[in-house]
Amino acid sequence: MAIAFARVSIHTRSKGHSAVAASAYRTATKLLDERTGTDYDFSNRREVVFSEIMLPEGASDKYQNRELLWNDVERAETRINSQLCKDVVLALPKEVSTIEHIELARRFAQTHFVDKGLPCDIAIHDDKDGNPHVHILTTLRRLEGEHFAKYKARDLNPAFAKGMIVEGDYWNEQWRSFQTDYFQEQQIDLSVDLNHLISEKHEGRNRDEANHYLREENQLIREARKELALHDLDNVLNQLSLTHSVFTRRDIETLLFKSIQPDADSAVYLNQVAQLLNHKDVISLGVNDSGIESYTTRHQYIAEGRLLSHVEKMKARQGHVYTTPPDIFLRNYQLNDEQRDAFSYITQGNDISVLIGRPGVGKSYLLKPIKEYFEANDCRVLGVSLSGKVAKALQSETGIESSTITSLAYRLSTNRMKLRRNDVLIIDEAGMVDFSSLAYLIEAASKAKAKVILVGDPDQLKPIHKGEIFRGIAAHTGYIELEQIRRQRDEGDRMASMDLAKGEIANALNHYAQKGAIRFADYVSESQDAMVKSWAAAIHNVDDCQNNTMLAFSRAAVYSLNEQAREHLKNKEVIGREEFHYFNADENQVIPLAQGERILLRQNDKTLGVRNGDLATILAIDDKSLTARLDSGEQVVIPKSYNHIQYGYALTVYKAQGMTVDNVKVLIDSQYWNPRLRADRTQSAGHDRG
């Protein structure tokens, strides 16, 4: 996940700063400061992976010479305490390539500085510690031809406090918005972390090195975060509302706790909590079902009212009911009574339909005749889902043209595509979609008089961002529910999955315990060892890995399970002996890969034909590329430069969403025990053990 960290500071002569030195350090070059006669040589720095001078339109090309540019900046500032230049530091998403880092840096610099007349010296730093970032060193005066302007460009300056921007052109928000737009445009499956007012950068293995630059940088972030919490409650409320449709006093306390030290400033901390609760844009919703007073923001209240209005209009409209007898489209499908009722409800109902189905009840199978019915009546049927992996599975299983929600929203917002009256939009895994995304699509469909079919399970995995709006829409419009599980062959397993779906956990556990499918251990490591051994016993060749999967709730557990699984397969000679080392940017490490390896691909790449979340088996590999067979059947060649490969023997629950395999083993630590268990244990088509 990307983060929205940005830091801006001013270099001043009174503090002993030099614009020439600043450039030399950031770009790892040797430059002479002509004003002082000092040579600054930082050419031995190895973490600078890219640097470039960007000049505004009309500026002389001579300023492509870095030494000339910054010496002229020094000459333009004549006072002993002159401000010399501005340094903007932006955290780059580690999930994307260096080429995309360069594109992000160039675009941001061009938009915010170069287009406004300021030259920029950009430098990307990445020492492979998981903290790539870009320095944008910019002048304070506009460059006009061969001369700097007489007056500084103060019209572009936001307000400063302690060297940090606090509002106005608030750079963290600018950077968050800029990244989000870029990810949507490029169809990159990433979002920006909003769990803190400003996220600190991970110090990783360097956390014990007192002078490491990250320690200083994180201290600056903490200061900026406190500054915001103390002096900008509007922004604090905005950040809270980005992750919470409804919140409590506890949520406010938690967010402010990360920014203000209550032990040192308890009175200040409690005062800020009280001020937020009494903010003019906070609306009390009364006591919730847990007996706790809850709140929302005025903006969210209005947005939900607008969404409800569109839902009401679609509920009252039946613009997609046709005279064609629907039964003729069921002849080629073996639907049970539940599915037939659902087919009739969707094809003969109003313009917003809600289909609730637990995992394994045959929702995808039902969508096939639904697609045929609407297409026979000249409708365009479109499918969307939160993840590229689920969208791809939806398209392959049903034939419905599908994409991610992010991709469709981007095409609609940029007028590259328009919804039409005869469109039918199927939103799969709708229970995982956040409020803003779902509201945007429903409003677009309502205005176009299109039909929307929401498909999902409100009790499955929750949205990462704010809002469980799917449940609210279903309660308002009504819904039809599929309960008969088809995915599992064993009748007892099907009944246990239904018990899990209904919250009758004890009955389900008794069933699995009687089958010997539950194993307990005092320590997580013991559970992991036992689970991997049980998993490995079923693996006799590479194809068995595709039908047997392990799931866990944390990345740390998945990492450990994958490492252990791989050792078992090496000992059983299921994977090849010869190993080739590929860099994994997501974990910031080099991993050995061999023929027969089960891998998870973590980044979209249109040219390669792969999506984030694709699972594959390595058919051939050398030190330049590998050939793999995707689970969907396609064969792809992946160059070594694609550095987003992980082992795929074990997955997190979120990464496994939407997949179906014969046998699933689930590691459940008490820390992660909750009703989400049902989704994990119904992804198996056969006998699953945890």
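Rule-based calculations on the coordinates, nothing more; no lab input. Given the structure is predicted, the values throughout are model-derived calculations rather than measurements. So basically every Cβ, Gly included, is an ideal-geometry build from the backbone, and we count neighbours across all protein chains shown.
Structural remarks
- Bins of 10 Å, starting at 0 and running to the largest distance - Cα pair percent for region 2-170: 10, 40, 38, 12, 0
- Between residue 416 and residue 57, the simple spin-label model (points 7 angstrom out along Cα→Cβ) gives 2.5 nm.
- Backbone N within region 104-145 under 12 Å of label point (7 Å from residue 185 Cα along the Cβ vector): 104-112
- Taking every Cα-Cα distance in region 518-681 and sorting them into 5 Å bins from zero, the calculated P(r) comes out as 1, 8, 19, 22, 21, 15, 8, 4, 1, 0 percent.
- Modelled spin-label separation between residue 443 and residue 340, with each label point placed 7 Å from Cα along the Cα-to-Cβ direction: 4.2 nm.
- Principal semi-axes of the equivalent ellipsoid, √(5λ) from the alpha carbon gyration tensor of region 317-482, are 22, 18, 15 Å from largest down.
- Relative contact order (%) - region 232-301, alpha-carbon pairs under 8 angstrom, separation at least six: 36
- Packing-based order for 148-155, 59-66, using average beta carbon neighbours within 10 Å, highest first: 59-66, 148-155
- Sorted on the mean count of surrounding Cβ atoms within 10 Å across their residues, most packed first, peptides 326-336, 8-18 read 8-18, 326-336.
- Around the amide H of residue 5, modelled in the peptide plane, lie the amide H atoms of 91, 199, all under 5 Å away and 5 or more residues distant in sequence or on another chain.
- Near residue 651, the amide H atoms lying under 5 Å from its own belong to 550, 551, 552; only residues 5 or more places off or on other chains count, and H is placed 1.01 Å from N.
- Residues of region 518-553 with an amide N closer than 17 Å to a point placed 7 Å from the Cα of residue 567 along the Cα-to-Cβ direction: 524-537.
- Residue-by-residue Karplus 3J(HN,Hα) for region 335-346, coefficients 6.51, -1.76, 1.60, Hz, glycine and proline x: 8, 7, 4, 4, 5, 5, 4, 5, 4, 5, 4, 6
- The gain in end-to-end length when the residue 254 to residue 529 segment is fully stretched comes to 95.4 nm, 0.36 nm per residue minus the alpha carbon separation.
- Region 570-624: trypsin sites (Lys or Arg not before Pro) in DSSP loop, at most 12 other beta carbons within 10 Å: 577, 606, 624
- The 3J(HN,Hα) values that the Karplus relation (6.51, -1.76, 1.60; θ = phi - 60°) gives for region 266-272 are, in residue order, 4, 5, 5, 4, 5, 5, 5 Hz. Gly and Pro appear as x.
- Residues with amide H under 5 Å from that of residue 621, placed H, sequence gap 5 or more: 627
- Solvent-free Debye calculation, one equal scatterer per alpha-carbon of region 232-301: log10 I(q)/I(0) at 0.15, 0.19, 0.22, 0.24 Å⁻¹ equals -0.46, -0.72, -0.94, -1.09.
- Length added when fully stretched, residue 317-residue 78, from 0.36 nm per residue minus Cα-Cα: 78.9 nm
- Protection proxy ranking, highest mean first, for peptides 590-597, 399-406: 399-406, 590-597, where packing is the per-residue count of other beta-carbon atoms within 10 Å, averaged.
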